[in-house]
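Report on one structure; see the data block that follows.
The values are calculated or read from the model by the stated rules, or taken from the named source; none is laboratory data. This structure is a prediction, so every number in the text was calculated from the model and none was measured. Neighbour counts are summed over all protein chains in view; Cβ atoms, including those assigned to glycine, are modelled from backbone coordinates with ideal geometry.
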Amino acid sequence: MKKLSLIVVAVLLVMSMVVLAWSQPASARKKIQLDFATFWPAGDFQAALGHKNWMKTISDRVMAETPDYEVAWTEFYGVHPAKLLDGVEAGTYSVGTSGPGYSPGVFPLWAGPEYPGETSRKNAYTMSLTIQALHEQMPELQAQFAPTKMKLLHFWSTGPGYFLMVPGKDIRKQADFSGKTVRAANPASVACIETLGSKPLFAPMSVALERFEAKLIDGILCPTDTPKGFGLGSYVRHVVFAPFSYHFVFFKVMNKAAYDGLPASVKKIFDEVNAAYPAYYGQLRTWGEADGLEYMKKLEGYTYFDPRSENPTEYAKWVAATAGLIDKWIGGDAKKKAVWDKYRELDKHYSTTAPYSTWTHGSTPPAPPTGKK
């Protein structure tokens, strides 16, 4: 009987050790604490779906695929875009989202794709694929990040541009641009707005919203998600489709020291997820911009004008008026010309080649990828 008791005790001891061993990895995991900063408000789909899915995908995969690590995020929304890159470089934020247009002169070659031009600019999906491929195929663009303390994670893009105007300030012909103040998000938009005859306001969205509220601004050049996501629906009513006019490039970057300090197994997951996200963000933005337009249609006083199909002669005048801007930017510089030529080549490829050109968004947001190989 005594021997049996000893056996029972031994079995229980072994079982408790097994249970303890199984419970150890979760508590013994090393927590990798990272900060994520973006200029988007927390309620905008780009943040609420896109950015949160990116963080969650990484955290879930690290938890599932590595026995020793977990990733935890601290999130910051509505950060001034001009302060984001400084914050990432300084290590204040581990990861941040911004774009070359928010930091003029820092990434000079990236200004080119944002200029007006006779390009396809089909939707945010094809445009995001174009921008990511442009970076991957041009060492000159890759070199733009070399002097920084940032690791590029991936690119993506808006869809085509629209002039969104306040009531009574609609645009139907080029003369209608005269005397109006229109917000610009990047230097290329400033040049476009000036050339068409309006006064540009180069300012972050927070300043633009203040000007709209004070009735000191007449419109904005941007994609159609902003009325819903940024609150512009309180002010703008007239939608004017102008795909030639606008392109904004986004990127996600990480403090280089923070990236280099990641364990190899975690770094591999970061790289795989980032490789899948230009396409996902592009599809998500295409859905989100369509959703924003549907939101605008319900606003009192809403109008929509597509000059490209409704008045092609007038539209041709707008395109012709801005045609010289890209030539002025190139100015005989071979590198700049190579960037613009490759950009147009890739834009045409993704806009005319299946399955990219035939992809259409659904009624619900696309499912985020895991990036698993």
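Some observations on this one:
- The condition (being aliphatic (A, V, I, L, M), in contact (Cβ under 8 Å) with a residue 12 or more places away in the chain and more than 19 Å from LYS151 (Cα to Cα)) is satisfied by just one residue among ALA72, ALA82: ALA72.
- Number of positions in the range 117-128 that are outside any loop (DSSP other than H, G, I, E, B) and of a type in the set (Val, Ile, Thr): 1
- Residue in the range 105-114 that is surrounded by fewer than 22 Cβ atoms within 10 Å (Cβ to Cβ), within 30 Å of VAL339 (Cα to Cα) and under 17 Å from the mean Cα position of the chain (by Cα) present: yes
- When GLY105 is tested against the conditions (1) under 27 Å from TYR315 (Cβ atoms); (2) at pLDDT below 95, the lone failure is (1).
- The residue that is surrounded by the most Cβ atoms within 10 Å (Cβ to Cβ), among those in the range 298-332 that are touching a Gly at 6+ places or on another chain (Cβ under 9 Å), among the hydrophobic types (A, V, I, L, M, F, W, C) and under 21 Å from ARG344 (Cα atoms), is ILE326.
- Among the candidates TYR281, TYR259, TYR295, the residue that is part of a helix (DSSP H, G or I), among the aromatic types (Phe, Trp, Tyr), touching a Gly at 6+ places or on another chain (Cβ under 7 Å) and surrounded by 18 or more Cβ atoms within 10 Å (Cβ to Cβ) is uniquely TYR281.
- Some residue of the range 69-84 being of a type in the set (D, E, K, R), part of a helix (DSSP H, G or I) and farther than 23 Å from CYS222 by Cβ: no
- Boolean, ASP170 is surrounded by fewer than 16 Cβ atoms within 10 Å (Cβ to Cβ), acidic (Asp, Glu) and out of contact with any Gly (no Cβ under 7 Å at 6 or more places or on another chain): no
- Matching residues in the range 105-116 - criterion: being in a loop (DSSP other than H, G, I, E, B) and either among the basic types (Lys, Arg) or under 12 Å from LYS328 (Cβ atoms) (or both): TYR115, PRO116
- Unique match (being at pLDDT below 95 and either of a type in the set (Lys, Arg) or buried (at least 19 other Cβ atoms within 10 Å of the Cβ) (or both)) among MET165, MET205, MET150: MET205
- When TRP287 is tested against (1) in a helix (DSSP H, G or I); (2) surrounded by fewer than 22 Cβ atoms within 10 Å (Cβ to Cβ), just one condition goes unmet, and that condition is (2).
- For ILE220, the conditions (1) buried (at least 24 other Cβ atoms within 10 Å of the Cβ); (2) outside any strand (DSSP E or B) are fulfilled apart from (2).
- Qualifying residue in the range 277-285 (condition: touching a Lys or Arg at 6+ places or on another chain (Cβ under 9 Å), farther than 20 Å from MET150 by Cβ and either touching a residue at least 12 places away in the same chain (Cβ under 8 Å) or basic (Lys, Arg) (or both)): no
To keep it simple, each residue is scored yes or no on (1) modelled with pLDDT of 95 or more; (2) within 23 Å of LYS122 (Cβ to Cβ); (3) hydrophobic (A, V, I, L, M, F, W, C).
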| site | (1), (2), (3) |
| --- | --- |
| SER178 | yes, no, no |
| VAL190 | yes, no, yes |
| PRO200 | yes, no, no |
| GLU210 | yes, no, no |
| ALA214 | yes, no, yes |
| GLY219 | yes, no, no |
| ASP225 | yes, yes, no |
| LYS228 | yes, yes, no |
| TYR235 | yes, no, no |
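- A search for C-beta distances below 6 Å between a residue of the range 167-183 that is part of a helix (DSSP H, G or I) and any residue that is surrounded by fewer than 18 Cβ atoms within 10 Å (Cβ to Cβ), counting only pairs 6+ apart in sequence or on different chains, returns GLN174/LYS317; PHE177/GLY197.
- Complete set of residues in the range 178-195 that are among the charged types (D, E, K, R) and buried (at least 19 other Cβ atoms within 10 Å of the Cβ): LYS180, ARG183
- Some residue of the range 95-104 being touching a residue at least 60 places away in the same chain (Cβ under 8 Å), in contact with a Lys or Arg (Cβ under 9 Å, 6 or more places away or on another chain) and surrounded by fewer than 16 Cβ atoms within 10 Å (Cβ to Cβ): no
- Condition met for ILE269 (among the hydrophobic types (A, V, I, L, M, F, W, C), in contact with a helix residue (DSSP H, G or I) (Cβ under 7 Å, 6 or more places away or on another chain), more than 23 Å from ASN186 (Cβ to Cβ) and outside any strand (DSSP E or B)): yes
- The set of residues in the range 223-252 that are among the hydrophobic types (A, V, I, L, M, F, W, C), in a loop (DSSP other than H, G, I, E, B) and within 24 Å of THR130 (Cβ to Cβ) comprises ALA242, PHE248.
- Residue in the range 137-148 that is in contact (Cβ under 8 Å) with a residue 24 or more places away in the chain, touching a strand residue (DSSP E or B) at 6+ places or on another chain (Cβ under 7 Å) and not in a helix (DSSP H, G or I) present: no
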